[in-house]
1. Tell me, what is a quarter of the convex hull surface for the C-alpha atoms of segment A:61-104, in nm² with one decimal?
2. Measuring from label point to label point, each 7 Å out along Cα→Cβ, what is the A:GLU130 to B:ASP224 span in nm?
3. Within segment A:273-299, what residues put their amide N at less than 19 Å from the label point 7 Å along the Cα-to-Cβ vector of A:LYS72?
4. Amide H neighbours of A:GLY348 under 5 Å, at least 5 residues apart or on other chains, H built in the peptide plane: list them.
5. Can you check how the C-alpha radius of gyration of segment A:1-62 compares to 2.2 N^0.38 Å, as a plain ratio?
6. Hey, fewest Cβ within 10 Å first, where do A:VAL410, A:VAL84, A:VAL157 land in order?
7. Kirkwood hydrodynamic radius, segment B:93-221, all distinct C-alpha pairs: what's the number in Å?
8. Treating the beta-carbon of each Lys and Arg as +1 and of each Asp and Glu as -1, no other charges, what is the dipole magnitude of chain A about its Cα centre, to the nearest 20 debye?
Amino acid sequence: MASEIVHPKTEVVVVGAGAGGGIVAKQLAVRGVKCILLERGDWPIYDENSNDELINQRTHAIRAIHGPDTRKFPRAVSDGKGGVKAADPWWPDHTVVAACVGSGTVTYGAMGWRFMPQDFRLKSTYGAIEGSALEDWPISYDDIEPYYEQAEYEVGVSGDMSTNPYAPPRKKPFPMPAFEYNWEDENIVIPAIKRLGLHPFPIPMLRNSVRYNGRAACIRNHTCCGYMCPCDAKNGTQNTVIPVALKTGNCQLRTNSFAYEVVMEGRRAVGVKYFDLDKNSHFQPADAVVIAASATETARLMFLSKSKLFPDGLGNQNDMLGRCIHSHIYCGAWGLFDRDVERELGPGATVAFSDLNHIPSKNIFAGVLCSEFYMLPWARSKVIPPNTPRWGIGHKQHMIKNYRRMIRIVGPVQEIPMYESRVGIEPRLKDWFGLPVYRAMPGGKKHPLSLEQTKIMTETAAAVLKEAGAKTVCKEGEKVYLNYGSVGGQHQAGSCRMGNDPKKSVVDPQCKVWDTDNVWIGDGSVHVSNGGFNPVLTIMALAFRTGENVAKSLGKGGAA
Amino acid sequence: MRSGENPAVKSRHGGACGHRAELVNSLLNPGLKRLAQCVRIFLLKCRDLFNCTNTVGESIMTTRREFIRNAAVFSAGAALYGCGNPPEGPFSKNERDCLIAMAEQIIPADKIYGGATDAGVINYIENWVTRYWPETLPLYKKGVESVQRASRRMHSKDFQDLDFATQTRFMEAMEGAKLDAKDWSISPRAFFDEILIRSMQGFYGSPRHGGNKNFMSYRMLGMDMPVVTGQNRYGGNS
Ligand SMILES: Cc1cc2nc3c(=O)[nH]c(=O)nc-3n(C[C@H](O)[C@H](O)[C@H](O)COP(=O)(O)OP(=O)(O)OC[C@H]3O[C@@H](n4cnc5c(N)ncnc54)[C@H](O)[C@@H]3O)c2cc1C
């Protein structure tokens, strides 16, 4: 390795150009703060991925096209004999968000949910829950509301909550009208939801229902969730805020740059060390550092950043770093109909109902249930109704006959964070740069109440499908999804939780790491709990807020 | 390393593909632009075939060095596909025939639609054990060896030479782990599951990985061919 390359000083280094990091960089840049955005991956390229079910970011049967390269960047799991081994490098053992500019926001399903006001104060709503690390957030829905709005407008959300009686309060309407329902949702699913007394509404989507921000409207591709958009109608940070940041001239994006240490001098970070693709080490000095490398990798980078004041890892002075990592248990059901029901308009997932989100009297705080994204043939070949063979001519006939006869309803369960669920680093297994890897806990530790909520959700999904006339209903809740993925799947969050009490949290309510003067966290790591909804809009909203806080700390606050 | 690039979508493509095209163009005179275009497309195909992904973010061929490496792969590819003699594959003929027969059991041909053999599932499996996840090759070697050992002992024939119904019963026994353990150096159930998942991927997945020849399964399901639109072709950006 050549000697270290030292760069001229900048004001802020942001690590990770994903959902959170891209937004923080934009907030800084438009306020005149010079910043450098480090991203371990590269710009995503549409041609790499087009319509290929085996390498997309959702199923990664062979690999995940937008990274990371799981061979070079393995994760450690227990080998059951007291040692460790590399997790199987493909789904479902190795769930990752992505490693490219935009990260998951390039290929996500793009559901853009606000959490509900109760989601920020679960403990006061439900009381302390035994055996859990449940806490209220140190900020309220009202604190975050303006930033939700900013995320909806600057990134772009299509939606309409007028038929959702549980919709969280909002000041401004959505910037774009909601997507219309797909035929099968409108004609089969919605009437059933209504007959059960539940309240269907269109899913808010970070996707253009009309031309917006200079980009085209959605063309209803099949291959959307897990894929980059062919007409750039899906809004991620790579095609919204990051270009804005770069245009100011204040932000420089360095791709293929893998941060491996936040260099500390006492309470102050003085810069970030990173590797380029040739394994050269670089040092980028800065006045402040924002880490936004996603919940697993942010915690890993902080464990790797040991200093005199933080000998066990940056932010780990109270043994809280990496704890309470969680995501969502996904659950739901398939319905098999006796006639063709699906008309194959992409990308699916048009309707939702959130009646199960917060019924304090019944201790239900499950999550939202949605119709599912369009699935391609291989994914469907794995859905086996009862009395259907897994293989052979019977399976093939089932595929031919039932391909358009299936409807799936699924959703994320609000998981109860557990103190014992923790990101660790594993010195016995090294990545391509020779750094200890992330140690995964398969399935993590689940609270019994999380499992109960899973059951409630699964039963509800099944009831809707039955009501809709499905002849066979397969519940897939517990069985399929409980243990999939090491903790820290695509909805990973909570590993550096925010709090008022430094003993019980990693960052303060402004998202600055406790006991530091200038280290901030700008991604899903800071979530105290992850809501009953897909998390990205909340990550984005917090990043808008944190970006503002960082600028203020450098004396460049105020509106942009 | 490309740093701080202009993010406009078009130049993003200029970044990766354009760079390559530029190089190719500089090598060829302008009259051969069309040829250069073909080369570019062929390179992309070769990259798919050889799965050349070796950078941090799995991003591909963005540097000159990588271009040269891939060009080498390209010429290897050209040689490989040009000379007519298939290269030595990962499996012997006997192993290959056994795997073909097993995959055909998973997705058999019927009167109307082809099965795993017609769809070229074996090509997908060969890609899997050579280009994608070579670390799984020993599993296949041991698996086939065990299948043949069991088949010969039970029926005095190799698996692929059994009649279809006998093969089916054999596979069922594998799936149910109801075979005599002494023939097996790995778990029959684990090997069965491996064949099952790979056959399904090869038959129902994207053709670019060797299986699903001519979108056979998509046609079977009456699915629209995937729309082939791209950001750089669709013109949705302005
Ligand atoms: C297929 C798919 C579908 C999804 N659908 C939805 C959905 O419908 N709704 C929803 O709300 N959410 C969805 N998500 C989840 C969503 O994308 C994530 O929640 C979100 O991107 C997480 O944001 P983050 O900022 O915490 O991390 P990320 O967005 O992952 O950003 C982290 C970035 O940091 C980079 N990085 C990591 N380590 C380093 C390092 N050491 N040095 C430099 N850079 C580094 C990574 O490459 C990445 O770009 C989906 C995700 C996927 C993959």
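1. Averaged projected hull area, Cα only: 3.3 nm².
2. The two pseudo-label positions are separated by 5.6 nm.
3. A:273-283, A:293-294, A:297-298
4. Those qualifying (amide H under 5 Å, at least 5 residues apart or on another chain) are A:TYR374.
5. The value comes to 1.57.
6. Ranking A:VAL410, A:VAL84, A:VAL157 by Cβ neighbours within 10 Å, fewest first, gives A:VAL84, A:VAL410, A:VAL157.
7. 14.7 Å
8. With Lys and Arg at +1 and Asp and Glu at -1, about 500 debye.
Read-outs: derived from the displayed coordinates by stated rules, not from any lab. Remember, it's a predicted structure, so these values are computed and weren't measured experimentally. Backbone-built Cβ (ideal geometry, glycine too); neighbour counts: all protein chains shown.
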